[in-house]
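The values are calculated or read from the model by the stated rules, or taken from the named source; none is laboratory data. Remember, it's a predicted structure, so these values are computed and weren't measured experimentally. Virtual Cβ from ideal backbone geometry, glycine too; neighbours counted across all protein chains shown. With ligands, DNA and RNA removed, areas are computed over all heavy atoms of the protein, side chains included. Shrake-Rupley method; radii C 1.70, N 1.55, O 1.52, S 1.80 Å.
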Amino acid sequence: MKSPERRKFMQLMGTGTLVASLPASITRALAIPANNRTGTIKDIEHIIILTQENRSFDHYFGTLRGVRGFADPHAVTLPSGKPVWHQPNGADELLPFRPPVDNLGLTFLPDPPHGWNDTHAAWNQGNHDQWVPNKGAVAMTYHTREDIPYHFALADAFTICDAYHCSLMGPTDPNRYHMWTGWVGNDGQGGGPVITNAEAGYDWHTYPERLQKAGITWKVYQDIGDGLFASDTVWWGWTGDPYIGNYGDNSLLFFHQYQNAQPGDPLADFAKTGTEIKAHNRNPHKLLDIFRDDVRNGKLPQVSWIAAPEAYTEHPNYPANYGAWYVSQFIEILASNPEVWSKTALFINYDEEGGFFDHMVPPTPPQNADQGDSTVDTVNEIYPGDPNHPSAPYGLGMRVPLIVVSPWTKGGWVNSQVFDHTSLIRFLEQRFGDEYPDLIETNITPWRRAVAGDLTSIFNFANPNSTPAFLPSAAAYLPPDKKLHPDYPVDDNLPVVQELPMQEQGIRPARALPYALHAHGKANTAKGTFKIAFTNTGTAAAVFHVRSGDGALAPRSFTVEANKNLIGNWKSDAGYYDLSVYGPNGFFRGFKGNTSGGNPANLDVSASYSYDETKISIKLDLVNLSTQTAKIHVHNKYTGKNFVKELKAGESISKNWPLARFFGWYDLTITVEGDANLEYRFAGHVESGKDSYSDPIMGGLCNSLNACVTL
């Protein structure tokens with residue numbers, strides 16, 4: 001590919017001037033080089049996990065440039081035949097919408113339902129079409145850059161993950177148990193499995209206990225509120241005052257070993273202590289006193305978790321930008337000590353989607369053979385059900401934001417590998433596990449360990465010091481009062497004219513991913529069946545989500561480990577097939593055609609990839625399986641050009657499409673003249689093992705003729 005001039009490239013990247021109203025100290029500190037002593041993960045000496053509350057990826061970042069948001073060209077189709085954005089709402093439908101307020105980032109939105117039953121009902125066995133009936137209209141709201149500028153600036157300055165999922169389709173505590181322990185007691189021991197916020201007291205082991213045993217320092221930063229103990233009036237940091245305490249988000253305190261720990265015991269000293277801002281007139285700046293002192297005095301632990309008071313967690317009805325102020329304080333403190341900052345990775349994530357819509361169907365294991373298959377054991381990944389909750393996969397749950405703020409993640413990158421909350425434990429394993437084998441968390445199930453990555457692909461350890469980062473000030477988001485505010489009346493302000501939200505134009509740099517996936521479909525017209533062979537030649541397991549245009553056929557899920565394959569078969573009594581296959585990072589295969597009636601067109605099309613860095617390409621091998629000549633058209637969406645070839649019965653041809661100009665992205669549609677029913681589609685990204693860029697089509701860089709601008 002001929003490199004475009006810098007100005008043109010910056011336009012395609014969508015980069016503009018970030019807000020410059022940041023303190024000079026932060027500007028200086030963010031330009032300080034990363035610790036690069038070894039050029040490996042060992043250069044990280046402090047890992048901080050700051051987990052906020054209840055926001056989905058689309059709800060916050062569906063309009064952000066260069067991520068898989070509202071411009072996703074391969075969003076799933078609902079059983080209604082409409083794209084996933086058109087969520088049924090009684091006899092009508094509701095698309096994502098921005099409430100008509102001047103400052104949504106400081107608006108008190110209502111809190112949608114987000115329990116096990118309503119979330120699984122919205123997911124609807126993978127149909128993903130029951131959000132509004134189960135979550136309400138507020139579920140379909142979204143934010144823009146103007147609403148949450150600090151969040152967007154973080155994404156533009158550092159690295160955002162657009163395939164990070166919460167761990168369980170349900171509420172806060174079970175998701176935080178995954179983050180702190182690897183599961184929810186799935187085997188039925190120690191009080192599990194736990195799929196609600198029961199907080200009844202549990203006994204399985206937690207990851208901080210493993211850290212403690214290995215001699216790795218750790219701490220939970222929180223406010224004590226009315227007390228980190230249980231009594232008739234106090235419940236483990238939960239308090240009726242939303243501006244103090246930890247909102248009950250230190251879920252370690254729901255385990256008996258922590259509840260019983262007394263001062264002097266590490267489980268008490270590092271999980272049951274904190275600030276006491278109630279004694280300081282609830283001064284929000286005092287929330288960070290202990291953290292500030294530890295950073296200043298070189299006492300920051302190797303691993304830290306942060307639990308905020310309710311008003312700063314971003315949990316509705318508290319505004320997003322209250323959370324922006326809170327998050328910004330930690331970044332400012334870290335930046336104030338260049339030596340500490342140079343060795344620190346800060347993970348900012350959200351425990352669950354909180355009932356807010358996200359368009360991506362989460363990867364899940366099949367419950368039975370009718371729902372798909374898996375090459376990896378799915379033991380302990382299906383909840384057996386109880387009188388009040390249906391049997392269903394625990395997760396993965398919906399996408400939630402993850403932004404990684406560190407000297408190794410600067411530059412406005414996107415990472416599209418599939419992760420969940422257990423990936424945080426996996427990252428700690430990678431950092432410390434070679435020295436301490438007991439840090440390998442056995443609670444994480446085989447299926448989850450295979451499907452969700454370990455977060456290391458986010459980082460550039462070898463050459464981290466090439467890009468400075470800049471952030472705007474969040475001082476204006478400090479809560480103006482400490483009052484309770486009523487919900488904004490969303491239901492009274494629904495849009496009269498609906499349209500799909502616009503995503504920002506442009507692309508962003510994208511980290512290399514471990515995926516090399518194939519789905520080879522083939523019709524058997526004699527038997528009226530269609531077979532898909534799923535093959536994984538990459539280095540990480542992947543979940544293929546398959547949907548049928550026949551509403552009588554439920555979605556299926558196929559988990560395929562690296563260097564393995566599976567086969568799925570579909571039978572249609574109607575004499576046609578219409579199957580769509582979805583995988584990570586925009587992988588898509590579409591197969592439509594007839595299996596009966598006259599002499600339908602019948603093709604065998606297989607794809608293979610070339611990974612040479614300078615000649616990256618995709619090759620299609622096409623075979624005419626019908627008994628008559630077929631004139632085949634292949635349309636390339638990125639160039640707008642057609643390849644046309646006439647094949648006699650039984651004849652075959654191979655055709656190669658170079659992809660370097662489009663950073664490895666492809667979208668090819670195959671049709672046959674004279675048969676309007678046959679349409680095969682091959683789309684996705686060819687990984688070369690090198691970093692790349694996000695999809696130009698998703699970035700809006702194609703004209704009305706579907707030809708992308710010169711890249």
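Quick one: what do you get for segment 236-369 if you divide its Cα Rg by 2.2 N^0.38 Å? Write out the running numbers ahead of the final one.
On the way: Rg = 17.3 Å, N = 134, 2.2 N^0.38 = 14.1 Å.
Cα-based Rg divided by the globular estimate yields 1.22.
From largest to smallest, the equivalent ellipsoid semi-axes obtained for segment 271-311 from the alpha-carbon gyration tensor read 19, 13, 8 Å. Expressed as a fraction of 2.2 N^0.38 Å, the value expected for a compact globular protein of N residues, the C-alpha radius of gyration of segment 499-571 is 1.46.
Note that segment 97-244, at 37 °C in a medium of 0.692 mPa s, gets a Stokes-Einstein diffusion coefficient of 175 µm²/s from its Kirkwood radius over C-alpha pairs. One compactness figure for segment 558-624 is 1.41, namely its Cα radius of gyration divided by 2.2 N^0.38 Å.
Can you list, largest first and rounded to whole Å, the semi-axes you get for segment 315-357 by taking the square root of 5 times each eigenvalue of its Cα gyration tensor?
Equivalent-ellipsoid dimensions as semi-axes: 27, 13, 5 Å.
Over the chain, calculate the relative contact order: mean separation of alpha carbon pairs under 8 Å at least 6 apart, over the residue count, as a percent. Don't skip to the answer; put the middle values down first.
On the way: 1730 pairs, mean separation 131.0, N = 711.
This gives 18 percent for the chain.
Projected onto its three principal axes, the C-alpha set of segment 482-522 covers 54, 34, 23 Å, listed from the longest axis down. Put simply, when 446-457, 264-275 are sorted by average Cβ atoms within 10 angstrom per residue, most first, you get 446-457, 264-275. Every Cα-Cα pair of segment 376-495 was included, and the share exceeding 17 Å stands at 74 percent.
Cα centroids of segment 476-509 and segment 559-580: how far apart, whole angstrom? Cα centroid to Cα centroid, the span is 40 Å. What number, in percent, do you get for the relative contact order of segment 362-417 if the mean sequence gap of Cα pairs under 8 Å and at least 6 apart is divided by its residue count? Value for segment 362-417: 33 percent.
For the pair Asp265 and Asn569, label points projected 7 Å from Cα toward Cβ lie 5.8 nm apart. Per residue, the chain reaches -4000 deg cm²/dmol at 222 nm when only DSSP H runs of four or more residues are counted, each adding -39500 (n - 2.57).
Using alpha-carbon pairs under 8 Å, 6+ residues apart, how would you state the relative contact order of segment 221-308 in percent?
Working: 126 pairs, mean separation 29.2, N = 88.
About 33 percent, as a whole number.
Helix 320-335 and the long axis of the chain differ in direction by around 70°, with both axes built from C-alpha atoms.
Ignoring ligands, DNA and RNA, what percent of the 1.4 Å accessible area of the chain is carbon and sulfur?
Values: 12660 of 25800 Å².
Ligands and nucleic acids excluded, carbon and sulfur reach 49 percent.
In vacuum, with every alpha carbon of segment 198-247 counted as one equal point scatterer, what does the Debye formula give for log10 I(q)/I(0) at q = 0.17 Å⁻¹? Two decimals, please. Log10 of I(q)/I(0), two decimals: -0.68. Between Asp438 and Gln257, the C-beta separation translates, for a Förster distance of 22 Å, into a calculated FRET efficiency of about 0.85. Computed over the alpha-carbon atoms, the chain gives an Rg to Rh ratio of 0.97, Rh here being the Kirkwood radius from the mean inverse distance.
Remark: the chain carries 36 Å² of accessible area per residue (probe radius 1.4 Å; ligands, DNA and RNA excluded).
Shape summary: segment 344-397 maps onto an equivalent ellipsoid whose semi-axes, from the alpha-carbon gyration tensor, are 25, 16, 13 Å in decreasing order.
Given the Cα-Cα distance of Lys482 and Gln189 and 0.36 nm per residue of separation, how much length would full extension add, in nm? Mind showing how you got there, number by number?
Details: separation 293, 0.36 × 293 = 105.48 nm, distance 4.20 nm.
Extra length from Lys482 to Gln189 when fully extended: 101.3 nm.
Each of Glu146 and His389 was given a label point 7 Å from its Cα along the Cα-to-Cβ line. The distance between the two points is 4.2 nm. Spacing of the modelled spin labels on Ala198 and Asn297, each 7 Å from Cα toward Cβ, amounts to 4.2 nm.
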